[in-house]
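Every number in this text was worked out from the coordinates using simple rules, so none of it is lab data. Remember, it's a predicted structure, so these values are computed and weren't measured experimentally. Every residue, glycine as well, gets a Cβ built from its backbone with ideal geometry; the counts of neighbours run over all protein chains shown.
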Amino acid sequence: MSDHTMQRLTLDELRTRFHGSLHTQDDPGYDEARIIFNAAVESRPRLIAECTDVDDVRTVLHYARGNGLDIAVRGGGHSVAGASLVDDGVVIDLRGLNDVSVAPEARTVTVGGGTIWGEMDRATAEHGLVTTGGRVSTTGVAGLTLGGGSGWVERAYGLACDNLLEVELMTADGSMLRASESENRALFWALHGGGGNFGIATSLTFQLHPLDRFSIALLVWPKEQGREVIAEYRDFVESAPDAVGGGALYCTGVPDEPFPERLAGKLCCLTLVTYLGSEPQLRALLGGLLRHRPAGELITEIPYVDLQCMLDDPPGYRNYWSADHLGALPDEAIDRFCATAELMVVPSPSQHALLPWGGAVARNAESGTVINRDAPWVVHPLGLWEDPADDQRARDWAKATADELRPWMTGDVYLNFIGDEGADRIVAGFGRTNYERLARIKAAYDPDNVFNRWHNVLPAGRRSGVGA
Ligand SMILES: Cc1cc2nc3c(=O)[nH]c(=O)nc-3n(C[C@H](O)[C@H](O)[C@H](O)COP(=O)(O)OP(=O)(O)OC[C@H]3O[C@@H](n4cnc5c(N)ncnc54)[C@H](O)[C@@H]3O)c2cc1C
């Protein structure tokens, strides 16, 4: 059905056809249905439609389009830009589409379009199987994967999207299609980092990997040791096997393991080393880092699924995040990274992170993927705060990080890690050539730019502006 033949349903007609819950602004459940991870986002949709099945998704899509209303698709609600809400428009909430079905023999899993990582990780763990997923359990599988999908085991298994076998997608006219290596291949390519620009993924199938043993080392130091430790960490990771993942970051110490009591409430430097193997094997790799005498440590074998929810961020904070790819991390860059860490508001849940890419992430660079992957490091300031009066301060901090590290920045950015930083950053994120290819695919599958809330790729031939 094309746009002009789309039925114009009234709200009453929608109510009789829709199986899930509908929340208008005067509905008692509206405020709760509107909560997303970033409390700084204040958009007030006209309608929030909590879908229970694919028919619901199609019905509400028709309702919104037939009435000329803007659309936001909601999965885990973790877009820091607030892509899952839209002022005066319709939210297509997919959280009810969260079936998870594991095929242990084939080592695959199929999940509904509103599944969150905790639901998927728990189901695959029962079979000793994993794939790269987000670093907290409440993020949406589809939102994260369609944007690329960076996670702790990416250096071994690639980004989440590298493990994608098939996507069932509802396009802007309500029709369903399948994208895979053998069907709609150009679209399938675009779904490896092009985000929610092309339609609504109602189900996704992933390749899984057997995981026998998994270990982590969480090592904590006072901020004064940050420079020496991060330099050691850089040298360690740059020659580590792909089985090693993790990151180095600054954060506020908490009164809990592995932070010593004296560092609670203080700015700390932390390294997390994840390892696809046993604790003794991991310890043997850590020699250099341990020589810097951590003030606190937790080195242990744990179920992968436990790590996946260990760092779950508290909801309810205001968020401003940014990120950049770094082409190298010499000592001077580390000095500047540490200097910007010291500008963080402490205590707060904010973090200043350096994440190593390389390994399987970089190996896939040659296949011309949507995401530029050859950078060895990603710098990722994550500002979280409570008082709206601090909004500008958080933005200034992220900007200061970019200014300080500019000499080493490649110009690329992993878009899942940033909020709304304008159209130029979107083009930079994909690179001009990839952006233009995505724009041609967008013109084929969503010529009216119905799906425009995630970092928007404009359909080729369209000059500017968004809207249905
Ligand atoms: C606490 C936190 C931790 C994070 N950790 C990571 C991480 O480790 N690695 C990483 O790569 N990113 C991470 N992110 C970023 C995250 O991947 C992106 O913000 C992603 O868009 C979130 O998806 P969501 O479904 O949770 O969010 P939502 O806000 O619900 O969705 C964002 C957009 O994604 C698209 N989308 C969602 N579901 C679908 C669907 N089924 N079909 C089509 N489009 C869809 C839509 O355009 C939607 O507007 C994190 C974000 C937060 C807040």
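Relative to the first principal axis of the alpha-carbon coordinates of the chain, what is the inclination of helix 432-445, with its axis defined by its Cα atoms, in degrees from 0 to 90 and to the nearest 10? So the helix axis and the longest Cα principal axis differ by about 30 degrees.
Normalised by the number of residues in the chain, the mean separation of alpha-carbon contacts (under 8 Å, six or more apart) gives a relative contact order of 15 percent. Put simply, the amide H of TRP377, placed in the peptide plane, has neighbours under 5 Å in LEU326, TRP357, leaving out anything fewer than 5 places away on its chain.
To make sure I understand, if each residue's beta carbon is the centre and we count other beta carbons within 10 Å, what order do LYS223, LYS266, LYS442 fall in, fewest to most?
Working: LYS223 19, LYS266 13, LYS442 26.
Lowest to highest Cβ neighbour count: LYS266, LYS223, LYS442.
With a simple spin-label model that places each label point 7 Å from the Cα along the Cα-to-Cβ direction, the separation between ASP55 and GLU224 comes to 6.8 nm.
Candidate cross-link partners of LYS266 among the lysines, defined by an alpha-carbon separation under 19 Å and a same-chain spacing of 8 or more, comprise LYS223.
The Cα atoms of region 100-210 give a gyration tensor whose axes a ≥ b ≥ c have a/c of 1.5 or more with a/b greater than b/c, which makes the shape prolate.
Determine, for ILE48, ILE299, ILE35, the number of other Cβ atoms within 10 Å of each Cβ, and report the residues in order from fewest to most.
Ascending number of Cβ neighbours within 10 Å: ILE35, ILE299, ILE48.
Relative to the 2.2 N^0.38 Å rule of thumb, the chain has a C-alpha radius of gyration ratio of 0.96. Spin-label model, ALA39/ARG15: points 7 Å from Cα along the beta carbon direction are separated by 3.3 nm. Around the amide H of SER21, modelled in the peptide plane, lie the amide H atoms of GLU50, all under 5 Å away and 5 or more residues distant in sequence or on another chain.
Dimensions of region 194-309 from C-alpha coordinates, computed as largest minus smallest value along each principal axis and given longest first, are 49, 31, 26 Å.
Here the Karplus curve 6.51 cos²θ - 1.76 cosθ + 1.60, taken at θ = phi - 60°, turns the phi angles of region 236-247 into couplings of 4, 5, 5, 10, 7, x, 5, 5, 9, x, x, x Hz, with x standing for Gly and Pro.
Pop the C-beta distance of ASP403 and SER182 into the FRET formula with R0 = 41 Å and round what comes out to the nearest 0.05. E between ASP403 and SER182, to the nearest 0.05, is 0.30.
In loop segments of region 382-468 as defined by DSSP, the GluC sites (Glu not before Pro) with at most 16 further C-beta atoms inside 10 Å of their C-beta are GLU386.
Note on region 228-364: Cα-Cα pairs beyond 26 Å make up 25% of the total pair count. Computed over the alpha-carbon pairs of region 3-93, the distance histogram in 5 Å steps reads 3, 16, 26, 26, 17, 8, 3, 0 percent, short to long. Translational diffusion of region 365-449, estimated by Stokes-Einstein from the Kirkwood radius over alpha carbon pairs at 20 °C in a medium of 1.002 mPa s, is 143 µm² per second. Taking amide H as placed 1.01 Å from N in the peptide plane, the amide H of SER79 sits under 5 Å from that of SER84, each at least 5 places away or on another chain.
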